[in-house]
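Q: Let me give you the structure first, and then I'll get to my questions.
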Amino acid sequence: MPEGVRYMSEAAYYLKSYLPTTGKYILDKSLTGCGGTEFFINSGLPLVLISPRSGVLGNKYRQHPECHLFRESKRDKLSDLKTNLRDYLSRCWTVPLYNYNQPLPKIFVTLDSAKYVIEELKHRGNIDRFFFLVDEFQCLVSDAPYKGKTDLEFLKMIDSEASNICYMSATPIKTDYLDGLTEFQ
């Protein structure tokens, strides 16, 4: 964050010119509650917001009901979730090429359901048009004792399938941990 800036929206012009929209990188915001997630939602990019915390996604969805929340309840049937995602993407992009008259797709999904979104975007052939924001990515390390296998499978999958990823956190992770994972080297 630039010195003296509390919210990323205050430096949106600078940050949009500074932060890449392609490739893979880690963004250490340094400040909690600085509007990082909101900055990316309003970035003008087709977005997949991935969070290990469903509460974060629910809050963002209440603020942005025009976006698509992949799973609101664990009781939702997977077949219905996939159909709803396909319908949403069809409403956003009715043709294979980018259509400026259509809303940009913004999909909110938990880490453990991200594979279904990635599969659909890959099937449609437009996965590389999306920017993937992995919010609160420090949870991948802190949650490892509870669901390490799920987290590692997620990292391997997203790293091999998506080309534009930002891993964002305000809680730095020790370099030793990051260097131990191929996806962060």
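Q: Measure up Lys29/Lys106; Lys29/Lys77; Lys16/Lys156; Lys77/Lys149; Lys122/Lys149 against 26 Å on the Cα-Cα distance and list the ones that go over.
A: Checking Cα-Cα distances, Lys29/Lys77; Lys16/Lys156 exceed 26 Å.
Q: Please give the peptides 53-61, 12-20 ranked by average Cβ packing (other Cβ atoms within 10 Å per residue), highest first, as a rough proxy for protection.
A: 53-61, 12-20
Q: Which semi-axes, in whole Å and largest first, does the equivalent ellipsoid of the range 19-62 have when worked out from the alpha carbon gyration tensor as the square roots of 5 times its eigenvalues?
A: Computed over the range 19-62, the values are 18, 14, 11 Å.
Q: Putting +1 on Lys and Arg Cβ atoms and -1 on Asp and Glu Cβ atoms, find which of Tyr18, Leu78, Ser54 reaches farthest to the positive end of the dipole of the range 1-123.
A: Sorting the options by dipole projection puts first Leu78.
Q: Using a Förster distance of 25 angstrom, determine the FRET efficiency expected from the C-beta separation of Asn59 and Ser30, and round it to 0.05. List each step's numbers first, then the result.
A: On the way: r = 22 Å, r/R0 = 0.86.
Working from the Cβ atoms, E equals 0.70.
None of the figures in this text is laboratory data; all of them are computed from the coordinates on show. None of these values were measured; they are calculated from a predicted model. Note: ideal-geometry Cβ built from the backbone for every residue, glycine included; neighbour counts use all protein chains shown.
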